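Quick notes on the structure that follows.
The values are calculated or read from the model by the stated rules, or taken from the named source; none is laboratory data. Here the structure is a predicted model, which means the values were calculated and not measured. Glycine also receives a Cβ, built like all others from the backbone with ideal geometry; neighbour counts cover every protein chain displayed.
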Amino acid sequence: MARISLAALVLWIALATGAAAAPTPDWAVLNVADTVVVVTADEDGSARETTVWLAVVDGAGYLRTGNTRWGANAVRQGELVLRAEGASYPLGIELVEDEALRQRITDAFRAKYGWTDAMLASMGRLLRGSHPKLMHLVPRPPE
């Protein structure tokens, strides 16, 4: 398996697409997608691609996870690459701890994913733990 750093992956994507600067996600468009792909780097540098759900609250993108490897990677690195609708977006993450905002994000996931989200929530302690990671996706500062 090839080992590549997240920074190298982002650079490769930018060069391959001819992008001079990282594109900015249109959250309204991405919110319509059922799933998106996140790319993180494992501790050994291997790229990890994971299909996840995305919710949009107040025009901003959010991801949710429990005790997953991709989530641990994103927290450790403070960044990930979001792939959706044929584009790649290098983004930073900010963990959400404000309880009122956490509830609004949870409500957005429930509204978007309906009974499937409700079923997973009922099994949440097993799948996500009692306090899942909620990640606000933000533009990465230029390097």
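I'm checking my understanding of the structure. Among residues of region 68-114 that are touching a residue at least 40 places away in the same chain (Cβ under 8 Å) and aromatic (Phe, Trp, Tyr), which one is nearest to residue 38 (Cα to Cα)?
Going through the qualifying residues, I end up with 89.
If I go through region 64-119 residue by residue, how many of them are of a type in the set (D, E, K, R), surrounded by fewer than 19 Cβ atoms within 10 Å (Cβ to Cβ) and in a strand (DSSP E or B)?
Residues meeting the conditions: 2.
Looking at region 65-86, which of its residues are at pLDDT below 95 and farther than 14 Å from residue 41 by Cα? Write out each step before concluding.
Restricting attention to region 65-86, the residues satisfying the condition of being at pLDDT below 95 are 65-68, 85-86.
Hits for region 65-86 are 65, 66, 67, 85, 86.
Collect the residues in region 8-48 that are within 20 Å of residue 75 (Cα to Cα), modelled with pLDDT of 90 or more and either part of a helix (DSSP H, G or I) or not small (Gly, Ala, Ser) (or both), keeping them in residue-number order. So that I can check it myself, show each step before the final result.
Residues of region 8-48 that are within 20 Å of residue 75 (Cα to Cα), as a first pass: 8-10, 36-48.
From what is left, the residues that are modelled with pLDDT of 90 or more are 36-48.
Once the filter is applied, which keeps residues that are within 20 Å of residue 75 (Cα to Cα), modelled with pLDDT of 90 or more and either part of a helix (DSSP H, G or I) or not small (Gly, Ala, Ser) (or both), region 8-48 yields 36, 37, 38, 39, 40, 42, 43, 44, 48.
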